[in-house]
């Protein structure tokens, strides 16, 4: 799994359905940040900034993963979500 495949899947994320769960979006966010930046390097946002706090928590949850492992997990998750979306679209068409 290389950087090129990671970048391709980072673009494919934009094709995920709008109804992709926030939980899955946060998982992808955390893995993307870990893959591109590394471990969390900012302080946790305050409790009134719930959106940024959730994103920070998702990133913190994967702290310690190598950037390569985070890239691989990210690609795997994107593939899984795209397959689920395709299966749902096929089932809806029937």
Using 5 Å bins from zero, what percent of all Cα-Cα pairs in the chain falls into each bin?
2, 14, 23, 21, 18, 12, 6, 3, 1, 0
So the angle from the long Cα axis of helix 67-93 to the longest Cα principal axis of the chain, reported in degrees to the nearest 10, equals 30
The alpha-carbon center of segment 1-29 and that of segment 43-84 are separated, in whole Å, by 11
By Cβ neighbour count within 10 Å, fewest first, 72, 43 rank 43, 72
Relative to the chain, whose Cα atoms define the longest principal axis, helix 50-61 and its Cα axis are tilted in degrees, nearest 10, by 90
What's the exposure ranking of 50, 71, going from fewest to most Cβ atoms within 10 Å?
50, 71
How tilted is helix 3-12 with respect to the longest principal axis of the chain? Cα atoms for both, answer in degrees (0 to 90, nearest 10).
70
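Values quoted throughout were computed directly from the atomic coordinates according to the rules given, and no laboratory measurement underlies them. All values reported here derive from a predicted model rather than from experimental measurement. A quick note on method: Cβ atoms are made from the backbone with ideal geometry, for glycine too, and the neighbour counts reach across all protein chains shown.
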